[in-house]
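Novice: First the structure, then my questions, so here it is.
The values are calculated or read from the model by the stated rules, or taken from the named source; none is laboratory data. In this text the structure is predicted, and so the values were computed from the model without any measurement. As a convention, Cβ positions derive from the backbone with ideal geometry for all residues, glycine included, and neighbour counts pool all protein chains shown.
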Amino acid sequence: MRTLDVIGASGRAAREGEPAGRTRRAPFDFPNGDPHAGVKHYDEYRSDLELDCDVVVVGSGPGGAVVAKELAEGGRDVVLLEEGPPFGKKDFVQEAGEAMHRMLREGGTRATRGNMFIPTMQANALGGGSLINSAICARPPAWIWEKWHRATGVEIDDATLAPHFDRVEEFLFCGPTPIEVQGPRNLLFKQGCDALGISSEPTWRNVAGCRGSGECFTGCRNGAKKSTDVSYVPAAIRAGARVYTSVRAERVVMEGRRATMLLGHVVEPFTGRATHSVRVRAKTIVLAAGCMQTPLILEESRALPGCAWVGKELMLHPGLAIMAVYDEPIDPWAGATQGYHSLHHLREGIKLEVLWSPPAVLAARLPGLGRDYQGHLLDYQRMAPFDVIIAADRSRGEVRTKRGSHDPALTFDFHDDDVKLIQKGLGILSDICWASGAKAILPGIHGIPEILHSKEESEILRTMKLRGSDTITAANHAFGSTRMSKLASQGVVDGYGRCHQTDNLYIADTGIFASSPAVNPMLAVMALADRIACHLLEAG
Amino acid sequence: MIPPLVFAGLAAGGAALARGVFLGYPDKRVEGALLYGKEQAIVAACADAFFPPGGPIPLSGSEAGLVEYMDDYVRRLPEGQALLVRLLLEFIEHGPWVFGPKRVRFTSLGERDREAVLESMRTSPIYFRRIAFLSMRTMLTMGYLAHPKVAEAMKMKADTDPFGIGEKICEGIGGRS
């Protein structure tokens, strides 16, 4: 077993004032080396499922897994349902199309509609989004909570949330990306920021033993990423939680203000074909299916009659990438997926990052066709993608059930003011490219030159009249579709995730966000989920 | 009652449309494929327009197996998404009827005209045409880059330990520098 600076093989130890039995750090010692030991697989279901428990949690991503683990360790009888299958290290494939098909809903082809198409994705796997994200663990700045408080009246602040952030960070081995695994792509970004006097820093990530393979998006073959399927879920199982994969939650049964039962189906992995029916009776139901799925369950359940906020107020972090091209090969495929970022302009709503994903996906920004395009592919080894994401506070969308399916129909209108904000970020990003020694920039924007050869030429990124539809904008941070509020008339849940019109139906995913967290949302939703779990334990 | 001349005209028009849309395509290239022969022909034509033979990367789209790749890709997609991809193929195939450069289907065009069609989609002022282009190119690029010879030409490595420091990192596990 690996030596840890922690607390023994079980990973169990109580901190002063903490409930006994709480695991402080994610376990490493799995039965037969299998982190998913004890997880129920599709092949194991022989008949309909009828379960009883104290708490049923829907979704094993960053929200649900935290709630399940904390409640199980607090002595609750917990059932955790996950629609996707578990993926082990050997199941991860690098080919983008197959990886997306296996691990993402709708085969990775999901996009919002509205005034433009914005690709967005949602994982369908044990561990949810934590399995395929870049493992970035960023705390929202204190002013975000002040903003949320002003907007919703909910009592929430930095000091109240700090212990929850501390606990999650400790459990997940969060720390800054080490220099040894940064690779040229990340270090060039730092170099550019340094030259301009823009602050930047190694991203904090939930990894242990990262080797810089740059494969976060398709699953970490090194097993370094502490996604919830190898951290919170096994800890929950040790504490007695029962975890069922390939189970789709569809409807909550309500009796007055009380949620009494969850209905769903066992579904075949990768096809979604329903086989057996599932009924889970529970004293408390926690929906953490993600901000694009939870509203659909609420809609199907008619659980919150008269609530006008379900599925509304969908918000995204629209992101735009450009390619910096260097004289020499930099092998962009080597190095931590997103090892460096700049929070310098965060107050304005701009976050600047290094980006990596399967090369074919990023190639959308490359110009040309035919032989020209092939030539650019050959130059890929000299390119580094950098991106800007923004807190698009003016833009809004909606989540509704797509007719005849269990997938959402998403709309999102990218507001002109937010397009201006992303354009501002684009200008700063291009400065970083030049300051890092880039010889050209491939902006991938319609209506301007496809290759910018100098800083002067790239001024067009600032001066042009940019429309959202000129860009290839993507957004993988989504939130707000079941927003929190103090008053029932202004949102779906209270500050502890309880649906206003109910006594025991909770939501613990990014849907409850009151607005943008300014940074990557995973750590924030985990801390909020930890807080919700603590509240449930205290409530008895 | 429809006058005979009008009827004849409608019938001739219908026949021409049916021929233009459905007829004259080769049989399926890939046995047991989900995509029809027509759809496979469209994919093959696009594949070689995007990745022509004799280009800087010595492997054409067809040689890289993009018809088979697309067939697998569409087969794995949920029904609704698969339908959209198939509609995209139709859009590319019959787009020249509306947008030129010649009023024939895409697969009937020569190499240069096919490139002209795709180039006009790529740079089109019509957002939907640009999205259609990007969608097609991204799907085919995924398949193209999946071919080992292409990856080799691009010097692209999928390496789980690119810096050779795995053991050293693991000794100090915790992910902290």
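Novice: So A:L196 passes all but one of these: (1) touching a strand residue (DSSP E or B) at 6+ places or on another chain (Cβ under 8 Å); (2) away from chain B (no Cβ under 14 Å). Which condition number does it fail?
Specialist: (1)
Novice: Look at segment A:383-425 and say how many of its residues are more than 14 Å from chain B (Cβ to nearest Cβ), polar (S, T, N, Q) and in contact with a helix residue (DSSP H, G or I) (Cβ under 8 Å, 6 or more places away or on another chain).
Specialist: Number satisfying all stated conditions: 2.
Novice: What residue, among those in segment B:75-89 that are free of Cβ contacts under 8 Å to residues at least 24 places away in the same chain and of a type outside the set (A, V, I, L, M), is farthest from B:V30 (Cα to Cα)?
Specialist: Among those that are free of Cβ contacts under 8 Å to residues at least 24 places away in the same chain and of a type outside the set (A, V, I, L, M), it is B:G80.
Novice: Please go through segment A:155-193 and give me each residue that is surrounded by 15 or more Cβ atoms within 10 Å (Cβ to Cβ), of a type in the set (A, V, I, L, M, F, W, C) and within 14 Å of another protein chain (Cβ to nearest Cβ), ordered by number.
Specialist: Of everything in segment A:155-193, those that are surrounded by 15 or more Cβ atoms within 10 Å (Cβ to Cβ), of a type in the set (A, V, I, L, M, F, W, C) and within 14 Å of another protein chain (Cβ to nearest Cβ) turn out to be A:F171, A:L172, A:F173, A:C174, A:V181, A:L187.
Novice: Looking at A:E450, is it in a helix (DSSP H, G or I) and closer than 30 Å to A:S430 by Cβ?
Specialist: no
Novice: Considering only segment A:362-379, state which residues are facing another protein chain (nearest Cβ under 7 Å) and touching a helix residue (DSSP H, G or I) at 6+ places or on another chain (Cβ under 6 Å).
Specialist: The answer is A:A363, A:A364, A:L369, A:G370.
Novice: Quick check on my filter: what residues within segment B:113-131 are without any contact (Cβ under 8 Å) to a residue 24 or more places away in the chain, farther than 15 Å from A:N115 by Cα and of a type in the set (V, I, T)?
Specialist: Once the filter is applied, which keeps residues that are without any contact (Cβ under 8 Å) to a residue 24 or more places away in the chain, farther than 15 Å from A:N115 by Cα and of a type in the set (V, I, T), segment B:113-131 yields only B:T123.
Novice: I've got another one for you. Collect the residues in segment B:104-133 that are of a type in the set (D, E, K, R) and assigned to a helix (DSSP H, G or I), keeping them in residue-number order.
Specialist: B:E111, B:R112, B:D113, B:R114, B:E115, B:E119, B:R122, B:R129, B:R130
Novice: From the list B:G100, B:G95, pick out the single residue that is over 29 Å from B:P148 (Cα atoms) and exposed (fewer than 15 other Cβ atoms within 10 Å of the Cβ).
Specialist: The unique qualifying residue is B:G100.
Novice: Collect the residues in segment A:358-383 that are at pLDDT 95 or above, closer than 27 Å to A:I198 by Cα and crowded, with 21+ Cβ neighbours inside 10 Å, keeping them in residue-number order.
Specialist: Once the filter is applied, which keeps residues that are at pLDDT 95 or above, closer than 27 Å to A:I198 by Cα and crowded, with 21+ Cβ neighbours inside 10 Å, segment A:358-383 yields A:Y380, A:M383.
Novice: Follow-up question, since we're still on this one. Can you say whether A:H265 is free of Cβ contacts under 8 Å to residues at least 40 places away in the same chain and within 22 Å of A:G84 (Cβ to Cβ), as far as the supplied structure shows?
Specialist: In short, yes.
Novice: Another question about this same structure. Can you tell me which residue among A:V325, A:V354 is more than 22 Å from the chain's Cα centre (by Cα), farther than 19 Å from A:L314 by Cα and β-branched (V, I, T)?
Specialist: Within the list A:V325, A:V354, the selection yields A:V325.
Novice: Which of the residues that make up segment B:115-132 are within 9 Å of another protein chain (Cβ to nearest Cβ) and either buried (at least 18 other Cβ atoms within 10 Å of the Cβ) or under 15 Å from the mean Cα position of the chain (by Cα) (or both)?
Specialist: Result: B:E115, B:L118, B:E119, B:R122, B:R130, B:I131.
Novice: While we're here: Among the listed residues A:V519, A:V492, identify the single one that is of a type in the set (V, I, T) and within 22 Å of A:A159 (Cα to Cα).
Specialist: Only one candidate qualifies: A:V519.
Novice: Could you tell me which of the residues A:V388, A:V399, A:V325, A:V354 is β-branched (V, I, T) and farther than 24 Å from A:A440 by Cβ?
Specialist: On the way: A:V388 fails: farther than 24 Å from A:A440 by Cβ; A:V325 fails: farther than 24 Å from A:A440 by Cβ; A:V354 fails: farther than 24 Å from A:A440 by Cβ.
After ruling out the rest, the residue left standing is A:V399.
Novice: Which residues, taken from segment B:134-177, are more than 7 Å from chain A (Cβ to nearest Cβ) and either at pLDDT below 95 or assigned to a loop (DSSP other than H, G, I, E, B) (or both)?
Specialist: B:H147, B:G164, B:E167, B:K168, B:E171, B:G172
Listed here are the residues, each with its yes/no results for (1) closer than 29 Å to A:I432 by Cβ; (2) surrounded by 24 or more Cβ atoms within 10 Å (Cβ to Cβ); (3) modelled with pLDDT of 95 or more; (4) more than 14 Å from every other protein chain (Cβ to nearest Cβ).
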position	(1), (2), (3), (4)
A:P202	yes, no, yes, no
A:V252	no, yes, yes, yes
A:R258	no, no, yes, yes
A:R281	no, no, yes, yes
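Novice: To continue, here is another question. Name the residue that is farthest from B:H147 (Cα to Cα), counting only residues in segment B:65-76 that are crowded, with 21+ Cβ neighbours inside 10 Å and at the interface with chain A (Cβ under 9 Å from one of its Cβ atoms).
Specialist: B:Y73
Novice: Looking for something over 25 Å from the mean Cα position of the chain (by Cα) and of a type in the set (D, E, K, R) - is there at least one such residue anywhere in segment A:481-497?
Specialist: yes
Novice: I would also like to ask the following. Tell me, which helices (runs of 4 or more DSSP H) wholly within segment A:133-241 include 3 or more residues that are touching a residue at least 12 places away in the same chain (Cβ under 8 Å) and of a type in the set (F, W, Y)? Give the steps one after another, and end with the answer.
Specialist: Numbers: elements: A:142-152, A:158-171, A:183-196, A:232-238.
Ranges flagged: A:142-152.
Novice: Could you tell me whether A:S405 is without any contact (Cβ under 8 Å) to a residue 40 or more places away in the chain, surrounded by fewer than 21 Cβ atoms within 10 Å (Cβ to Cβ), within 30 Å of B:P78 (Cα to Cα) and among the hydroxyl-bearing types (S, T, Y)?
Specialist: yes
Novice: Looking only at residues in segment B:77-96 that are at the interface with chain A (Cβ under 10 Å from one of its Cβ atoms) and among the small types (G, A, S), which one is nearest to B:L140 (Cα to Cα)?
Specialist: Out of the qualifying residues, it is B:A82.
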